[in-house]
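For reference, the structure discussed in these notes is given below.
The values are calculated or read from the model by the stated rules, or taken from the named source; none is laboratory data. Computed from a predicted model, the values in this text were never measured in an experiment. Cβ atoms come from the backbone with ideal geometry, glycine included; neighbour counts cover every protein chain shown.
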Amino acid sequence: MENLLQFIKRFSLLLLFLALETVAIIMLVQFNSYQRSVLFSSANWVSGGFYQVVDAVGGYFNLREVNQSLSAENAALKNEIERLKAQQPALVSSTDSMLITTADTAYWQPYTYVAAHVIQHSINKAQNYITLNKGTDDGILPDMGVVSPDGVVGIVKSASRHYAMVIPIINVQSRISCRLDSTQNFGSLVWDASDYRTAILQEVPGHATVKIGETVSTSGFSAIFPSNIPVGKVADVTLIEESQFLQIKVDLSVDFGKLAEVNVIQFAGNTEFKALQ
């Protein structure tokens, strides 16, 4: 208590000045609308800036959760599209009636999608791999296709209960059947380990007319990928004289350096399809 009294005595003039200054400011703001509006505007600007920073920081740390939510929503939309595709033939054939009842009709939906998050991947090796946070408990099995909103990612190589390992396009062991959108000529997409942003489309006949910039998509000739999923765009074309086949450089649609959210494709007829091969 004695120390407090000594402090007040020592700084009494300063404390008196601060008290009078506070009273003056209060009276100035209270009885003058202009000064009051300036004070409130300044306070709002400071608090608004603070909350904006807080919101930006919070938004940054919530990005993964938001991305996972969007990926799940994307998978649900893809599943809805596949369901509608399965129903389309019956709807088109029902021309005798304007009223079509589908509630009691079972439609075979060949493809379904499972959203997954990339927890590990590499881009600077000859044999790059991707690890996903979904496994057999989520219905993920080997030989399932993996895509992102931008296009083809790769194929599941193995899966445990909670994780799956994927061979991406940028792995020298990868080989995916693709075709050119303009001519429908098809070939095999491989990787030469030179650049994670490009791949090579091989085995396209030399007489095919290929346009720079045209889209390369999945052919649908396997049980892994549906047809017409984007893979990339033609960047360069070279004729191999010895074989008379084209070697087509493809700029990949997926940026593997930024890959985070993917969808795994489940094909309902996979077992039957493999049995026929």
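Data overview
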{"read-out": "Criterion (aromatic (F, W, Y) and farther than 22 Å from P149 by Cβ) met by exactly one of F256, F245", "value": "F245"}
{"read-out": "Whichever residue in region 190-205 is surrounded by fewer than 20 Cβ atoms within 10 Å (Cβ to Cβ) and touching a Ser or Thr at 6+ places or on another chain (Cβ under 8 Å) and, among such residues, is nearest to I170 (Cα to Cα)", "value": "V190"}
{"read-out": "Options I155, I167, I140: the member that is assigned to a loop (DSSP other than H, G, I, E, B) and surrounded by 15 or more Cβ atoms within 10 Å (Cβ to Cβ)", "value": "I140"}
{"read-out": "Selection status of A223, within 24 Å of the chain's Cα centre (by Cα), part of a strand (DSSP E or B) and among the hydrophobic types (A, V, I, L, M, F, W, C)", "value": "no"}
{"read-out": "Scan of region 184-222 for residues that are of a type in the set (S, T, N, Q) and within 23 Å of E241 (Cβ to Cβ), ordered by number", "value": "N185, S188, S194, T198, Q202, T209"}
{"read-out": "Verdict on Q266 being closer than 21 Å to D143 by Cα, assigned to a strand (DSSP E or B) and touching a residue at least 40 places away in the same chain (Cβ under 8 Å)", "value": "yes"}
{"read-out": "Selection count, region 170-184, where residues are assigned to a loop (DSSP other than H, G, I, E, B), at pLDDT 95 or above and surrounded by fewer than 23 Cβ atoms within 10 Å (Cβ to Cβ)", "value": "4"}
{"read-out": "Unique match (being of a type in the set (V, I, T) and either touching a Gly at 6+ places or on another chain (Cβ under 6 Å) or within 14 Å of P226 (Cα to Cα) (or both)) among I130, I140, I167", "value": "I167"}
{"read-out": "Matching residues, region 185-194, being assigned to a strand (DSSP E or B) and of a type outside the set (A, V, I, L, M, F, W, C)", "value": "G187, S188"}
{"read-out": "Check on V210, part of a strand (DSSP E or B) and either touching a residue at least 40 places away in the same chain (Cβ under 8 Å) or more than 23 Å from A260 (Cα to Cα) (or both)", "value": "no"}
